[in-house]
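Scroll down for the structure; my scribbles are underneath it.
The values are calculated or read from the model by the stated rules, or taken from the named source; none is laboratory data. Everything numeric in this text was worked out from a predicted model, so none of it was measured. Reconstructed Cβ throughout: ideal geometry from the backbone, glycine too, with neighbour counts over all protein chains shown.
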Amino acid sequence: MTAAGAPKAIGPYSPAVKAGNLLFLSGSIPLDPVSGQLVEGGITEQTTRVLENIKGLLAAAGTDFNHVVRTTVFMVDLGEFAAMNEVYSSYFAAPYPARSTVQVARLPRDVRVEIDVIAIL
């Protein structure tokens, strides 16, 4: 599944897959859905773009952030956690989805953040 509000896959994977009443979104990185280019800026701008991409995929599947039950946030620097979390928290409301946040050595295209989600349809 793809969506107008999210970039196309940059490899051999689907941006989103429906399985029964679940929607699995692949990790999203801060690519502009129109140009396919990385967004300018730091962790705040990148997290915003990632969540906007996720929002587009959720909408295309007929759901939204209120139906997200699980996320994984991959970051190259957990020192930027507070800034990422400030943006992240503006997209979700209680009860918040379960979440893991991990620091990794490197992400595709050397971005600062990647997020994947699981939602209920």
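Taking S89 as meeting all but one of (1) hydroxyl-bearing (S, T, Y); (2) surrounded by fewer than 16 Cβ atoms within 10 Å (Cβ to Cβ); (3) touching a residue at least 40 places away in the same chain (Cβ under 8 Å), write down the number of the exception.
So the condition that S89 fails would be (3).
Six or more apart or on different chains, Cβ atoms under 8 Å: show the pairs whose first residue is in the stretch 94-107 and more than 14 Å from V68 (Cβ to Cβ) and whose second is charged (D, E, K, R) and modelled with pLDDT of 95 or more.
From residues that are more than 14 Å from V68 (Cβ to Cβ), the pairs are Q103/D77; L107/E114.
Taking the stretch 7-26, which residues are among the charged types (D, E, K, R) and within 22 Å of V69 (Cα to Cα)?
Filtering the stretch 7-26 for residues among the charged types (D, E, K, R) gives 8, 18.
Selection gives K18 alone.
Yes/no matrix, rows are residues, columns are (1) in contact (Cβ under 8 Å) with a residue 60 or more places away in the chain; (2) surrounded by 12 or more Cβ atoms within 10 Å (Cβ to Cβ); (3) at positive phi:
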| site | (1), (2), (3) |
| --- | --- |
| P7 | no, yes, no |
| L25 | yes, yes, no |
| G36 | no, no, yes |
| T44 | no, yes, no |
| N66 | no, yes, no |
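Please work out which one of (1) farther than 11 Å from I115 by Cα; (2) hydrophobic (A, V, I, L, M, F, W, C); (3) more than 11 Å from the chain's Cα centre (by Cα) is the condition M75 fails and give its number.
Only one criterion in (1) farther than 11 Å from I115 by Cα; (2) hydrophobic (A, V, I, L, M, F, W, C); (3) more than 11 Å from the chain's Cα centre (by Cα) is unmet by M75, namely (1).
Do we have any residue at all in the stretch 23-46 that's within 15 Å of A119 (Cα to Cα) and over 10 Å from the mean Cα position of the chain (by Cα)?
Looking only at the stretch 23-46, we keep the residues that are within 15 Å of A119 (Cα to Cα), and these are 23-28.
Keeping just the survivors that are over 10 Å from the mean Cα position of the chain (by Cα) gives 23-24.
Scanning the stretch 23-46, I find at least one residue that is within 15 Å of A119 (Cα to Cα) and over 10 Å from the mean Cα position of the chain (by Cα), so the answer is yes.
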